[in-house]
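For reference, the structure is listed below as structure tokens.
The values are calculated or read from the model by the stated rules, or taken from the named source; none is laboratory data. These numbers were taken from a predicted model, which means no experiment stands behind them. A quick note on method: Cβ atoms are made from the backbone with ideal geometry, for glycine too, and the neighbour counts reach across all protein chains shown.
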Amino acid sequence: MSLKQRIPLLRWSVWRMAVGNRNILKTGQIGDGREAAAVDYVLKHARAGDIDDVLATIDRFAYEKSMLINVGDEKGALLDAAVRRADPKLALELGTYCGYGALRIARAAPSAKVYSVELAEANAVNARQIWAHAGVADRVTCVVGTIGDGGRTLDALAGEYGFSAGGLDFLFLDHDKDAYLPDLQSILDRGWLHTGSIVVADNVKVPGAPKYREYMRRQQGTLWNTVEHKAHVEYQTLVGDLVLESEYLG
Ligand SMILES: C[S@@+](CC[C@H](N)C(=O)[O-])C[C@H]1O[C@@H](n2cnc3c(N)ncnc32)[C@H](O)[C@@H]1O
């Protein structure tokens with residue numbers, strides 16, 4: 001890893017990302033076209049049908065071209081291990097972005113159906129191209145919407161995609177940090193999780209999900225059993241982050 005890769009402030013694409021922060025909240029993209037460029041790069045450079053190569057090519061783009069807000073390679077390894085532990089038949093991600101996290105889940109759980117809920121249609125279009133190139137489009141689906149949209153997306157997951165009581169084995173929270181706790185609560189209210197379901201939450205330290213962390217601490221040993229994994233914000237080693245892995249005891 002080069003100095004530029006280790007120290008993010010030496011990278012123009014990181015400064016550009018800080019400028020684009022407001023954009024991310026509104027449009028789900030940084031605002032300089034880097035997500036579409038990442039898709040073009042993958043279609044050009046990654047071997048079709050090779051999940052490992054598609055993921056490695058996205059990581060290479062994020063390290064060498066423009067920083068992306070995927071879970072990334074370091075925290076992605078924690079995600080992979082949690083998925084293998086859950087051994088899911090049905091997995092749900094909140095926050096698709098370019099499709100990288102869902103692709104990691106699909107690789108770690110080769111027989112799972114993976115759904116990913118995404119606010120921005122443009123990200124869904126990008127992610128579907130990545131998944132098609134990786135050869136997993138038949139079992140990875142992006143649903144455009146939010147869990148907090150008054151029941152529309154929750155109803156679609158239930159009615160169109162067969163989500164039902166006790167059927168959800170794995171949940172990955174990686175979207176609006178303030179929505180982690182209310183969205184988890186909405187999913188609990190539907191009864192989709194079962195004893196032993198695993199929930200992984202990214203970015204609990206940076207940008208931070210303090211209410212979610214506090215909730216998991218309060219419920220430790222009663223409703224949830226949580227391990228806090230120390231790691232770094234994606235694609236650099238200067239700034240620390242936390243990934244929470246929680247087993248549902250309910
Ligand atoms: C950090 S990125 C997700 C990265 C992805 N999980 C990965 O590892 O490749 C956050 C994504 O969440 C989306 N998002 C933001 N708020 C959302 C919400 N309430 N529901 C669903 N998606 C949301 C953004 O548009 C953005 O694409």
Working carefully through the options Ala86, Ala81, Ala77, find the one that is among the hydrophobic types (A, V, I, L, M, F, W, C) and within 13 Å of the ligand (Cβ to nearest atom).
Ala77
Please return the ranges of helices (runs of 4 or more DSSP H) entirely within segment 15-64 where 3 or more residues are within 20 Å of the chain's Cα centre (by Cα) and at pLDDT below 95.
21-27
Can you confirm whether segment 91-102 contains a residue that is out of contact with any Pro (no Cβ under 9 Å at 6 or more places or on another chain), among the acidic types (Asp, Glu), buried (at least 24 other Cβ atoms within 10 Å of the Cβ) and closer than 23 Å to Phe170 by Cβ?
yes
Being of a type in the set (Val, Ile, Thr) and farther than 15 Å from Lys65 by Cα is the filter here; which residues of segment 36-53 pass it?
Ile51
Can you name the residue in segment 195-227 that is away from the ligand (no atom under 13 Å from the Cβ), in a loop (DSSP other than H, G, I, E, B) and not polar (S, T, N, Q) and, of all such residues, is surrounded by the fewest Cβ atoms within 10 Å (Cβ to Cβ)?
Gly221
Kindly indicate whether any position in segment 159-174 is assigned to a helix (DSSP H, G or I) and surrounded by fewer than 23 Cβ atoms within 10 Å (Cβ to Cβ).
yes
Please list, ordered by first then second residue, the pairs with beta carbon atoms under 6 Å, 6 or more apart or interchain, first in segment 111-136 and among the aromatic types (Phe, Trp, Tyr), second crowded, with 23+ Cβ neighbours inside 10 Å.
Tyr115/Leu92; Trp131/Gly99; Trp131/Val140
Give me the pairs: first residue in segment 92-105 and touching a residue at least 60 places away in the same chain (Cβ under 8 Å) and at positive phi, second residue near the ligand (Cβ under 7 Å from one of its atoms) and outside any loop (DSSP other than H, G, I, E, B), beta-carbon distance under 6 Å, and six or more apart or on different chains, which are they?
Tyr97/Asn123
So the check is Cβ under 7 Å with 6+ separation or different chains; which pairs have a first residue in segment 228-250 that's touching a residue at least 40 places away in the same chain (Cβ under 8 Å) and surrounded by fewer than 21 Cβ atoms within 10 Å (Cβ to Cβ) and a second one that's of a type in the set (Phe, Trp, Tyr) and not in a loop (DSSP other than H, G, I, E, B)?
Glu247/Trp224; Tyr248/Trp224; Leu249/Trp224
Those residues that are within 28 Å of Thr146 (Cβ to Cβ) and away from the ligand (no atom under 13 Å from the Cβ), I need them from segment 44-67; list them, please.
Ile51, Ser66
